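What follows is one structure encoded as structure tokens, with my remarks underneath.
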Amino acid sequence: MTEICKMTRPLISAEAISRSYLKGQHKVPVLRGAGLTAHRGEFVSVIGQSGSGKSTLLHVMGLLDSPDIGEVHLDGQRIDNLNAAARDQLRNRVFGFIFQFYHLMPELSLLENVMAPLMIRHSILDFWRKRKETRAAALEILDQVGLSHRVHHRPSELSGGEMQRGAIARALIGKPEILLADEPTGNLDAETGHGIMELLKRLNREQQLTIVMVTHDEAIAAQAHRTVRLEEGRIQKVLQQEAA
Amino acid sequence: MYKLLLCLRYLRTRYIALACIVSVMLGVATMIVVNSVMAGFSTEMRDRLHNFLADIVIEARSTSGLAKADELLERVDEAAGQYIAASTVSVEIPGMVTFTDPWTGEAYTSPVSLHGIDPRGKAEVGPLKSYLDSYNPVMEDGQIVRPALRDSSEPLGWELTSEGQQHFDSVQEQKAEQLRQWQPPLVEPVPSDSATPDFDDSGQPPVFDSPSAVADASAGSDQGPEPTDADAANTVADTPVVQFDPNNPNAGLGGGMSPDILFEDNPAEDIKPQPNDARIYIGEGLVSFFVKNPETGRQQKIMMVQPGDDVIISTITASTPPEVTKFHATVVDSFRSGMSEYDSNVVLMNREALQKNRGMQLENRVSAIQIRLHDYADAPKAMAALEQAFAPGEVTIRTWEEKQGLLLSAVEVETAILNVLLFLIIAVAGFGILAIFYMIVVEKTRDIGILKSLGASSSGVMAIFLSYGLALGIVGSSAGVILGLLFVHYINEIEDVLSWFTGRKVFDEKIYFFFEIPTYVNPWMVISVALGAIGIAVLASILPARRAASLHPVRALRFE
């Protein structure tokens, strides 16, 4: 399968990304010419120490952040220099994000959280017209991630694993092409983390979802098709492995 | 969609936002209450001013007035008849009224404005009847303590009521009695020489109006000439009058002669004395004062002059140069328009008598024409037409508003300043919203990051907080409008409670002559206050909303 993927153009590629932040008076470089590509249907993990810039790389790829130098291409088209509205659209339609701290909105119920990307995508009128389909879709996805019994709960009433599965459901409802996961198991115990990984792998396998996952855990990273090691803002080596 | 949802959710779950709502609500309610009460007072005041003045007043420039009142009215009718509902002529001149206070026996003189009117004509241009004491019941604490003396259907006139006539008769009786007592010393020069110094030494005038003395004196006079005087003198034993009597046998002798003289001079017992030709309605404020009743603790109105009393009016004649003229007038009634400016300044008098006393009757001269219009909105057209009818400089034509321009504009300025000050309250509430919103934005920083990662635009995030401000403004304003209107509606009940609570009258009806606090709710005022408050809430949320919109998603996500 990986062979076929490599034949085609990569779905997303970050090329020679440099990014630095200002910390007080000092400019702190985080990424120094890092690059990463992912093909359609590929599960890539990025591993590195804290502060190695792996999260920043993910943010740049997901258009949450802009690179100082370097380009991000989606399906061969440069996307990092698009205007704000187009970037918002891409974030909404092409990317799905999962975070270490789940980042569900505390005021909304799980179902509303899951529907949020579609609420953002559609105007009030459109959303109202499609409310039944949207709701059905959200319920179906929640069922897929095993949360159909928690639909009307607030995030504060859910466990960490449930919240992360909710966050995955939210990331999937917009039918994204690429799932960007930032330490999805970082805040969970091994068993729950394993469950999350199984879910991600299943999604990758069944729906051909492209996943780029950032982690500092070797064991977690090893479950991806391919692992990229990031050190001090540069890609060190690419580890090939069999799909788990 | 998410904007609306989140905005409503924030509204429901952020209790700190309740502080914003309350501050907007209080500001709006205060403005509505104060505006309504101010508008109530000023409407009431305008009504009173207006009612007393009629719509348009044409005034002669000279004190001698305009000749031929009937022709004047015809001219006015010809010029602007289609607008005019009623018109009447009057003679207005400054003067003085002198009356005796029955309690102290001292004479008071007040400067007044004498209005010679035709009461029926005057009643057509303004509600004169409702001002007159005899047409209205006397109320105290909502209870009628004296019914109206005249039926409201009785036409206005200068006749005394039966109570007034009784009072007049008793006053005349009393005067006659005093004359009977005092004539001897006055007509007989020899005893009076000795009597007068005695009287002066005592330094006290006789108490003419002391009711008990009068009663005794009149009772005594019925019995017979000679012993009567002694009796009367004895009964009124406290007065200095009595003391010189026994000392001076001459006085007794003189007193013995009095009946004869009396019968010659004073026809009191043959022909009943009639009230003067000059009759007046006197402003209540001129002749009354308030005393606190020590028993009930209430303010009580004491009238110094009653219908049937005589007063002296002084004024000037219409001749050139003017001469002082004075005459007696009988008080027929007192009036209260509720405007102290009139009630303590104006004496309404029968026009014919005033014209006669001022030498204006030959040409039927009048000094002013009062006009009521069908529709006050026609005033400018009517004024323009009227101006054509008179020679330039002959008269001044003014609406009541122009005549009271200073007072009315003072009230307007007052209201405007108050509104500015009160709007500052809402502005303060606005700054409260700004501060609280900033806090909420900081608190929601991570949510903003999430929304952006999900593809929300900056303007969308901004819209959340702007509509949040709008929602707060709407909720706060509506609550404020409801609270304010309820307050206005129950203002008198609230005043009662406050009075009971503080132990003193918050709103003393005696000051304003209102039984209730007048209020007038102008719907446009309510709408503009509510919209203003909503506008301020939205304005105050712009800054926090901009901050929220400009948050960098990554930094917002990392925010702890």
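The numbers here are math on the coordinates, done by the rules we state, and not lab data. Just so it is clear, the structure is predicted and the values come from calculations on it, not from any experiment. All Cβ positions, even for glycine, are placed from backbone atoms using ideal geometry, and neighbour counts span all protein chains on display.
Summary of computed values
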| read-out | value |
| --- | --- |
| For B:ARG372, A:ARG19, order by how many other beta-carbon atoms lie within 10 Å, fewest first | B:ARG372, A:ARG19 |
| Residue list for segment B:61-75, given a label point 7 angstrom along the Cα-to-Cβ vector of B:ILE316 and an amide N cut-off under 20 Å | B:61-67 |
| Net dipole in debye of chain A [+1 Lys, Arg Cβ; -1 Asp, Glu Cβ; about Cα centre; nearest 20] | 600 |
| Degrees separating the helix A:190-207 axis from the principal Cα axis of chain A, which is the longest one | 90 |
| Cβ-Cβ FRET estimate between B:THR325 and B:GLN82, R0 fixed at 56 Å, reported to 0.05 | 0.90 |
| Segment B:334-404-segment B:1-55 distance, computed between alpha-carbon centres (Å) | 41 |
| Normalised contact order of chain A, rounded percent, pairs of Cα under 8 Å and 6 or more residues apart | 28 |
| Cα centroid separation - segment A:20-75 against segment B:61-114, whole Å | 96 |
| Gained length - B:ALA148 relative to B:ASP101, 0.36 nm times residue gap less alpha-carbon distance | 14.4 nm |
| Degrees separating the helix A:160-173 axis from the principal Cα axis of chain A, which is the longest one | 90 |
| Acute angle (nearest 10 degrees) that the helix A:110-121 long axis makes with the longest principal axis of chain A, alpha-carbon atoms | 70 |
| Exposure proxy ranking, count of Cβ atoms within 10 Å, fewest first, for B:LYS129, B:LYS292 | B:LYS292, B:LYS129 |
| Exposure proxy ranking, count of Cβ atoms within 10 Å, fewest first, for B:CYS7, B:CYS20 | B:CYS7, B:CYS20 |
| Sites B:MET303 and B:VAL420, calculated FRET efficiency, Cβ-Cβ separation with R0 60 Å, nearest 0.05 | 0.85 |
| Chain A: Rg to Rh, with Rh as the Kirkwood radius over Cα pairs | 0.96 |
| Residues A:GLU133 and B:LEU406, FRET efficiency given R0 of 60 Å [Cβ-Cβ distance, rounded to 0.05] | 0.25 |
| Pair B:PHE559, B:LYS381: separation of 7 Å Cα→Cβ label points (nm) | 6.5 |
